[in-house]
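First comes the structure, then the notes that go with it.
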Amino acid sequence: MGDREKIIVGNKEGLIQDIGGRRKFCLPYTKKGIPSYILKVLKEGSCNGILKIDFVEKDGCIWFYYDFSGYVQLEKIIFQWIEREKCLTKELLHCLSKVADCLLTAENHLIPLKELSLDLDTIFVNPVTSEVKIAYIPGEIQDLTMQERIINLISKTNAVVDDEEWNAYSGIVKEKICLNNFGLIDIRKFLSEKLREVYNNDWPVKKLVREEIIEELFIKEEKNSILKKIFSFEI
């Protein structure tokens, strides 16, 4: 008998099983560590932004059976996109905007966002529909702000993706999120705007760089003009 198929999610090792024609992975938790109202939301399966979960209680533990049929972890699908020569910038911007949708949906279902881990192995993408879901991992309390968590997630994609266009866009996205003090709704809107920009331009990197340079020169000229007015005097 060969080794059973396993998966790593949120630094936890789960066992993959085929149950009732669905692909599921299971992880054990202690019930007392999970708020009852979150368990209720998860059991109802009404939050579309979260992977659906079935529950089995045994031996003092509650086992989560995550249904990830048709979904692939973000870290794996990135390499599929590379192999298929997909536009990584389009795929990643779309994925990130969907992640924001998942978070907003979870918040509407009273799931605290600090309870959701944003990582390359906890985010699942449907290769056919491009839909995104997040695996709820109990105990993964996040102390960072939402801005910091989104920026960290983008940086993790940079660590595995060596793509000039994505490097250019992701740098601008991270900077704007920070400088403009974006909330989650603002982040979702900005990602969508950048995605439309990519679809309207085949190769916008040079344009982006040129715009940044022009903006820097304009600011520099304004500063020089102000300094001249302050320090100019007649002899």
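Yes or no: residue 117 under 17 Å from the mean Cα position of the chain (by Cα), surrounded by fewer than 17 Cβ atoms within 10 Å (Cβ to Cβ) and not basic (Lys, Arg)?
For residue 117, the condition - under 17 Å from the mean Cα position of the chain (by Cα), surrounded by fewer than 17 Cβ atoms within 10 Å (Cβ to Cβ) and not basic (Lys, Arg) - is not met.
Which of (1) modelled with pLDDT of 90 or more; (2) assigned to a helix (DSSP H, G or I); (3) farther than 21 Å from residue 123 by Cα is the odd one out, the single condition residue 158 does not satisfy?
(3)
Inspect the stretch 111-129 for any residue being under 21 Å from residue 158 (Cα atoms) and free of Cβ contacts under 8 Å to residues at least 24 places away in the same chain and give the result as yes or no.
No, the stretch 111-129 contains no residue that is under 21 Å from residue 158 (Cα atoms) and free of Cβ contacts under 8 Å to residues at least 24 places away in the same chain.
Name every residue in the stretch 29-62 that is outside any loop (DSSP other than H, G, I, E, B), of a type in the set (Val, Ile, Thr), more than 16 Å from residue 107 (Cβ to Cβ) and in contact (Cβ under 8 Å) with a residue 40 or more places away in the chain, in order of residue number.
53
Give the residue that is nearest to the chain's Cα centre (by Cα), with candidates limited to residues of the stretch 63-72 that are within 20 Å of residue 28 (Cα to Cα) and not small (Gly, Ala, Ser).
68
When the residues of the stretch 123-142 are narrowed to those that are within 17 Å of residue 79 (Cβ to Cβ) and of a type in the set (S, T, N, Q), which ends up surrounded by the most Cβ atoms within 10 Å (Cβ to Cβ)?
That would be 126.
The values are calculated or read from the model by the stated rules, or taken from the named source; none is laboratory data. Computed from a predicted model, the values in this text were never measured in an experiment. A quick note on method: Cβ atoms are made from the backbone with ideal geometry, for glycine too, and the neighbour counts reach across all protein chains shown.
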